[in-house]
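K.L.:
Once you've had a glance at the structure underneath, I'll fire off some questions.
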Amino acid sequence: MLLLNAYQNAYVTRNRDKAVAMLRERHGLEEFIFFEPDIEVRTPQGVGQSKTRVALGWAGNLQIELIEPVSGLVDLYRPYLPADDQSLGFHHIAIRVDDWGTFTEEVARAKYPVAYASGLEGLEFVYLDARDTLGHYVEYMWATPQWWKVLGYPGA
């Protein structure tokens, strides 16, 4: 499995806003991008909507993603939710993909289990299930330069 170009650690939380406040207070992360995607996703359980509340912050070259599952196909997040509404549960790392076509061919040949996949115009992502070897999911994301800029990617 490709592990080059990692740029993100992602955490799930029961309350995105309280988690952001905690990261600001305890870890000095100040700037966040907020959004609430309600997107169609493909999972082993089928195709359907997934609604989450997300915050993205940067600690140098490492993006911290906070995900609050809201409704729909969000079951892959639930086992990692902490007991309280401020703490974080580690969920996945994310890898930047520069050539989505080559990447998807490699995934198909290697038969990596896909846990969650979606995209928007100019952005594609997939979570591969690496829990048997790494203990967590690995997200792979391809985006246009415009999307990388919106996401705050350093140097974009």
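The values are calculated or read from the model by the stated rules, or taken from the named source; none is laboratory data. None of the values given here were measured: they were computed from a predicted structure. No Cβ is skipped: glycine too gets one built from the backbone with ideal geometry, and neighbour counts run over all protein chains shown.
K.L.:
Name the pairs whose Cβ atoms lie under 9 Å apart, with the first residue in segment 29-51 and closer than 16 Å to Leu66 by Cα and among the β-branched types (Val, Ile, Thr), the second modelled with pLDDT of 95 or more and surrounded by 14 or more Cβ atoms within 10 Å (Cβ to Cβ), and 6 or more positions between them or separate chains?
P.N.:
From segment 29-51, the pairs are Ile33/Val54; Ile33/Ala55; Ile33/Leu56; Ile33/Gly57.
K.L.:
Quick one: is Val126 in a strand (DSSP E or B), closer than 20 Å to Glu40 by Cβ and among the aliphatic types (A, V, I, L, M)? If you could, list the steps in order and put the result at the bottom.
P.N.:
On the way: in a strand (DSSP E or B): yes; closer than 20 Å to Glu40 by Cβ: yes; among the aliphatic types (A, V, I, L, M): yes.
In short, yes.
K.L.:
Related question: Gly28 fails exactly one of the following numbered conditions: (1) over 26 Å from Gly135 (Cβ atoms); (2) of a type outside the set (Lys, Arg); (3) surrounded by 12 or more Cβ atoms within 10 Å (Cβ to Cβ). What is the number of that condition?
P.N.:
For Gly28, the exception is condition (3).
K.L.:
Oh, and also: Name the strands (runs of 3 or more DSSP E) wholly within segment 1-99 that hold at least 2 residues that are under 24 Å from Pro113 (Cα atoms) and not aliphatic (A, V, I, L, M)?
P.N.:
Details: elements: 6-12, 32-35, 38-43, 46-59, 62-72, 89-96.
Those strands (runs of 3 or more DSSP E) span 6-12, 38-43, 46-59, 62-72, 89-96.
K.L.:
Output the number of the condition that Thr102 fails; it satisfies all remaining conditions of (1) closer than 23 Å to Leu4 by Cβ; (2) in a loop (DSSP other than H, G, I, E, B); (3) without any contact (Cβ under 8 Å) to a residue 12 or more places away in the chain.
P.N.:
(2)
K.L.:
Those residues that are modelled with pLDDT of 90 or more, exposed (fewer than 12 other Cβ atoms within 10 Å of the Cβ) and of a type outside the set (Gly, Ala, Ser), I need them from segment 83-119; list them, please.
P.N.:
Within segment 83-119, the subset modelled with pLDDT of 90 or more is 83-85, 87-105, 113-119.
Still in the list and also exposed (fewer than 12 other Cβ atoms within 10 Å of the Cβ): 83-84, 98-99, 101-102, 105.
Scanning segment 83-119 gives Asp84, Asp98, Asp99, Thr102, Glu105.
K.L.:
So which residues in segment 120-139 are under 20 Å from Val150 (Cα atoms), touching a residue at least 12 places away in the same chain (Cβ under 8 Å) and not aliphatic (A, V, I, L, M)?
P.N.:
Here is the first cut: in segment 120-139, the residues under 20 Å from Val150 (Cα atoms) are 120-126, 139.
Pick out the ones that are also touching a residue at least 12 places away in the same chain (Cβ under 8 Å) and you get 120, 122-126, 139.
Within segment 120-139, Gly122, Glu124, Phe125, Glu139 meet the criteria.
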